[in-house]
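Following: one structure in structure tokens, then a few remarks.
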Amino acid sequence: MSPDPSPQALVRAEPEASFEVTFDGRPLTALPGQSLAAALWAAGILAWRTTRGSGAPRGAFCGIGACYDCLLTVNGRPNQRACLVPARPGDILTTQEGTGHADLAV
Amino acid sequence: MPTSPSEPTAPTDLAVVGAGPAGLAAAVAAADLGLRVTLLDAGERPGGQFYRHPAPGLGARRPEALHHGWRAFAGRVHRLRDHQRHGRVTHLTAHHVWTVVRDPDGWRLHAVAGPEETPATVRAAAVLLATGAYERQLPFPGWTLPGVVGAGGAQAMLKSGLVLPGKRIVVAGSGPLLPAVAGSLAAAGARVPAVVEAASYTGYAREVPSLVRNPGKLVEGAVHGGGLLRHSVRLLTRHAVTAAHGKDRVEAVTVSRLDRDWRPVPGTGRRIPCDALAVGHGLVPQLELGTGLGCATRRTPDGTLALELDGDQRTSVPGVWAAGEAGGIGGAELALTEGELAAASIAHELRGTPYPRAVAGLARRRARLRAFADAMAAAHRPGPGWTGWLDDATDVCRCEEVPAGSIREAVAELGARDARTVKLLTRAGMGWCQGRMCGQAVACLAGEEPAADRRPLSCPVPLKHLAELPPPAEAGAED
Ligand SMILES: Cc1cc2nc3c(=O)[nH]c(=O)nc-3n(C[C@H](O)[C@H](O)[C@H](O)COP(=O)(O)OP(=O)(O)OC[C@H]3O[C@@H](n4cnc5c(N)ncnc54)[C@H](O)[C@@H]3O)c2cc1C
Ligand code: FES
């Protein structure tokens, strides 16, 4: 009787209408309120950045905004923490290579 | 509304940084006592790490399925909304506070708001730091592969976004969070072939008195244990994941037996296939706003540092209080308790408000829960042999891609004796996360106890906001 176990089934989610975002040109479905990282994970995508040194793939690691491994270019704006930024209809996400840009003080 | 640094908001009584259990409880209790409160959080919704929950748009009809103690949270959010309606609490969401500086009338908090990184400034007579914690990570070969995620991180993504990193997820590391995470992942449909715990649990035996004074915690443990049995999850104690394998993402992990010092026992490694690994070795208090202000710290039983607090939750800096994990890892119930104690103390100090009658009970509960937390921390303190998991090629610093070999060389050949010198020689800890992920590991490799966070800013800030800041009289940014 009960549906297959899934995160949505567990909390009996009845999400509002889903919408589309694109990742490197590929359309993905996101649910309202999901972070960009969650939308990517839901599509089975675990990596959306390559490192500056070795070009290694990275995605979300800490899940809470502390590690900065999930940096993503969102609508042309680099260095967004995908685990914090909510997905919005029509967002254009692109793999971030290296530093994105360098006008930020650390 | 957020304003630019040159036009800060009218001063408020209390600014609370962090809307987790501690900050939320404090904001609501302080407003109950008549203070005007501004509550700031980097996240979109109140709740912090423990009460993370799906956004309204996800339509969760049973969000409590991923939580215990949901009623304590729902009640406070109700009161928060009520205070907001009456103008007693201002809740600034998606505001990341990057520094707190002294002001003639108290304090000035500087934040960046939202993805547009709009500057915002809040002025307040008193500050409460309720900034929580992040996970302690101990590196091992393969830990930078996609699919290797924080254990608490996996839990956080599940609770807020209703997503899983894979279908077959090994849970590993150390600490009481692991069984909880494994239970949630399994309930949400993942296969969890094993929970791999580096400690032995025998440490708990020594702590029987504080355990029996915390029956609620024992019940919690039993519930998680029962959930694990039901999902046929294997619990391996005194074992660790010593390597993750895969090309573009994790495909398997090697699990090894550990000796008493957490050194892998040669020849005991075996492979477990999986498509994700959720790993974490307990939590590290997030202190930089406090240490930036010069607040004193104390060493906790698991070797990390926390803010030093008095019985009223005051830091060593007058006008600055802290509650929850910033003062030592202890769980959500302790965070709620400390938030309420802090609110009572702040109202007393700012307005002479008498302490509510409940305060004595809160103080007793805090003492009991702290004793329990200290016992857990001691039992899960990393053994020195964990560095045996690292080969020289393993990146220790994820941001700057600094391998263990370079750090060992800085120590053995260049004479670095502390994490700071290692950092200068190798760039470990100089990247985006400012050492949050590698700091503990670098300190161990340098042969010292992990030191307090000393980051000039608590998050990266656009240069133009820094330029607009008034002269840094006491910003404490000496590093
Ligand atoms: C990733 C993670 C997952 C966890 N999962 C569980 C679990 O499943 N079960 C369990 O029992 N315990 C869990 N814990 C522990 C639990 O979160 C704590 O016991 C409890 O939440 C402590 O409450 P707190 O209010 O002290 O801090 P937190 O709940 O961590 O809240 C701190 C808040 O401060 C905000 N913040 C921090 N710095 C700033 C800043 N500079 N500017 C603005 N906002 C800031 C954060 O966004 C956060 O909302 C987890 C911890 C972590 C780190
Ligand atoms: S996953 Fe760590 S900052 Fe986003």
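Give, ordered by residue number, each residue of segment A:57-76 whose 1.4 Å probe accessible area is reduced by a minimum of 30 Å² on adding the remaining protein chains to the chain alone.
A:Pro57, A:Arg58, A:Phe61, A:Cys62, A:Gly63, A:Ile64, A:Ala66, A:Cys67, A:Tyr68
Provide the solvent-accessible area of B:His231, counting protein heavy atoms only and rolling a 1.4 Å probe, rounded to the nearest 10 Å².
60
Which order do you get for B:Asp82, B:Asp32 if you rank them by accessible area with a 1.4 Å probe, largest at the top?
Listed by decreasing accessible area, they come as B:Asp32, B:Asp82.
If each residue of separation counts as 0.36 nm, what is the full-extension length gain between B:His86 and B:Asp310 once their alpha-carbon separation is subtracted?
77.4 nm
Over segment A:16-97, what portion of Cα pair distances is larger than 15 Å, expressed as a whole percent?
Percent of Cα pairs beyond 15 Å in segment A:16-97: 50.
If you take the square roots of the eigenvalues of the alpha-carbon gyration tensor of the protein assembly as shown and sort them as a ≥ b ≥ c, do you get rounded (a/c under 1.5), prolate (a/b over b/c) or oblate?
Judged from the Cα gyration tensor, the protein assembly as shown comes out rounded (a/c under 1.5).
For B:Arg364 and B:His78, FRET efficiency with R0 = 25 Å and r from the beta-carbon atoms, rounded to 0.05?
0.40
Would you calculate a helix-derived [θ] at 222 nm for chain A, using -39,500 (n - 2.57) for each DSSP H run of n ≥ 4 and dividing by the full residue count, to the nearest 500?
That comes out to -2000 deg cm²/dmol.
Which helices pass in chain B if a helix is a full DSSP H run, must span at least 24 angstrom along its long axis by Cα, and must have mean Kyte-Doolittle hydropathy not below 0.0?
Within chain B the helices that satisfy the rule are B:332-351, B:359-379.
Can you compute log10 of I(q)/I(0) for segment B:101-141 with the Debye formula, treating each Cα as one identical point scatterer, at q = 0.15, 0.18, 0.19, 0.29 Å⁻¹?
Evaluating at q = 0.15, 0.18, 0.19, 0.29 Å⁻¹ gives log10 I(q)/I(0) of -0.58, -0.70, -0.74, -1.00.
How many nm separate the modelled label positions at A:Asn75 and B:Ala10, each set 7 Å beyond the Cα in the direction of the Cβ?
Label-label distance for A:Asn75 and B:Ala10, simple model: 3.3 nm.
Which order do B:Arg85, B:Arg61 take by accessible area at a 1.4 Å probe, largest first?
Final ranking, largest accessible area leading: B:Arg85, B:Arg61.
Please report the antiparallel percentage of DSSP beta bridges with both residues in the protein assembly as shown, rounded to the nearest 5.
60
Nearest-5 percent of antiparallel DSSP beta bridges in chain B?
Among the beta bridges of chain B, antiparallel pairing accounts for roughly 50 percent.
Out of the DSSP beta bridges found with both residues in segment B:1-120, what percent are antiparallel (nearest 5)?
Working: 11 of 19 bridges.
Here the share of antiparallel DSSP bridges comes out near 60 percent.
Tell me which GluC sites (Glu not before Pro) from segment B:347-441 have a DSSP coil assignment and no more than 16 other beta carbons within 10 Å of their own. If you can, show how the numbers build up before the last one.
Numbers: sites: B:Glu349, B:Glu400, B:Glu401, B:Glu409, B:Glu413; in loops: B:Glu400, B:Glu401, B:Glu413.
Passing both the DSSP loop test and the Cβ count: B:Glu413.
Can you find, among A:Gly44, A:Ala30, A:Thr73, the residue sitting farthest towards the positive end of the charge dipole of chain A, where Lys and Arg contribute +1 and Asp and Glu -1 at Cβ?
A:Thr73
Identify which of A:Cys62, A:Cys83, A:Cys70 has the largest mean-square fluctuation in a Gaussian network model of chain A, with springs joining Cα atoms closer than 10 Å.
A:Cys62
Using only the heavy atoms of the protein chains and a 1.4 Å probe, how would B:Lys159, B:Lys423 rank by accessible area, largest first?
B:Lys423, B:Lys159
For the A and B pair, go ahead and give the buried accessible area with a 1.4 Å probe, both sides summed, in Å² to 100.
Answer for the A-B pair: about 4800 Å² buried.
Between A:Thr99 and B:Arg191, what is the label-point separation in nm under the 7 Å Cα-to-beta-carbon projection?
In this crude spin-label approximation the distance works out to 4.4 nm.
I'd like the accessible area for B:Val461: 1.4 Å probe, protein heavy atoms, all chains in place, Å² to the nearest 10.
For B:Val461, solvent-accessible area is about 0 Å².
Based on Cβ point charges of +1 for Lys and Arg and -1 for Asp and Glu, what charge dipole magnitude is obtained for segment A:16-97 about its Cα centre, in debye rounded to the nearest 20? Each step should come with its number before you reach the end.
Values: 7 positive and 6 negative charges, 48 e Å.
Result for segment A:16-97 is approximately 220 debye, rounded to the nearest 20.
If the only charges are +1 at each Lys and Arg Cβ and -1 at each Asp and Glu Cβ, what is the size of the charge dipole of the protein assembly as shown around the Cα centre, to the nearest 20 debye?
1600
The values are calculated or read from the model by the stated rules, or taken from the named source; none is laboratory data. Because the structure is a prediction, the values reported are computed rather than measured. All Cβ positions, glycine included, derive from the backbone under ideal geometry; neighbour counts span all protein chains shown. Ligands, DNA and RNA are stripped out before the accessible areas are found, and what is left, the full protein with its side chains, is counted by its heavy atoms. Shrake-Rupley method; radii C 1.70, N 1.55, O 1.52, S 1.80 Å.
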